[in-house]
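A short worksheet on the structure shown next.
Please treat every number below as a calculation from the coordinates, not as lab data. On a predicted model such as this, the values are computed, not experimentally measured, just so you know. Here the Cβ is made from the backbone with ideal geometry for all residues, glycine too, and neighbour counts use every protein chain on show.
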Amino acid sequence: MTELAKQRPEFRNIHALKDLPTYRLPAAGLVSILHRISGVLMFVLLPLILWIFDTSVSSEISSARLRMAFSGGASGVILKLIALGLIWAYLHHFIAGLRHLWMDVSHKAVSKSFGSTSAKVTLAVSLVLTVILGAKLFGLY
């Protein structure tokens, strides 16, 4: 009389310190998270970006001071690393945004294979462009 109940899937809580370091995030998930991080980074550093722009166009003296700050010792390296982080954030956010736009416009682009391929291309292009612009920022060419 008692019928065997169909086995239900077992759900368990995630232990962040134990489970998350071993979790393998797919490339599309990584691009999505980095897209959000880059947007927050640009938003938080917007006052710095505006100050640098204002300083660079205010006068010749303030522009020269800014160039000196970027070329001076340890503080110059720190400013260049912050600028490099902003360069990466902008490039990644822009390219990932184009990827999302393409996926919204083209219904054929919404597939697992396209998502994986486009995520890897997004990561590669944003990192290659960041390295190229970073080399220019640090005076390698």
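Considering only Ala28, Ala16, Ala74, give the residue with the highest GNM mean-square fluctuation for the chain, with springs between Cα atoms whenever their separation is below 10 Å. Highest fluctuation of the listed residues: Ala16. Simple spin-label estimate for Ser116 and Phe43 gives 3.2 nm between the two label positions (7 Å along the Cα-to-Cβ direction from each Cα).
From least to most packed, judged by other beta carbons within 10 angstrom and beginning with the fewest, His15, His93 follow the order His15, His93. Taking a span of 24 Å or more along the helix axis (Cα atoms) and a mean Kyte-Doolittle hydropathy of at least 1.6 as the rule, the DSSP H helices of the chain that qualify are 27-44. With the simple model of a label 7 Å out from the Cα in the direction of the Cβ, Leu133 to Thr55 spans 1.9 nm.
Using a cutoff of 8 angstrom between alpha carbon atoms and counting only pairs six or more residues apart, the relative contact order for the chain works out to 30 percent.
The distance linking segment 77-104 with segment 1-60 is 15 Å (Cα centroid to Cα centroid, whole angstrom).
Paramagnetic label reach from Leu84 (point 7 Å along Cα→Cβ; backbone nitrogen cut-off under 15 Å): within segment 22-40, no residues.
The share of C-alpha pairs in segment 38-122 whose separation exceeds 20 Å stands at 51 percent. Remark: Leu46, Leu133 ranked as Leu46, Leu133, counting other beta-carbon atoms within 10 Å and listing the fewest first.
In a simple Cβ point-charge model (Lys, Arg +1; Asp, Glu -1; nothing else charged), the chain has a dipole of about 340 debye relative to its Cα centre.
Rounded to the nearest 0.05, what FRET efficiency is calculated for His107 and Arg36 with R0 set to 22 Å and r the Cβ-Cβ distance? After rounding to 0.05, the efficiency reads 0.35. Computed from phi, the 3J(HN,Hα) profile of segment 14-26 under the Karplus parametrisation 6.51, -1.76, 1.60 (θ = phi - 60°) reads 8, 9, 4, 6, 9, 8, 5, x, 9, 6, 9, 7, x Hz, with x in place of Gly and Pro. Name the residue, out of Gly85, Gly72, Gly115, whose mean-square fluctuation peaks in a Gaussian network model built on the chain with Cα pairs under 10 Å. In the Gaussian network model the winner is Gly72.
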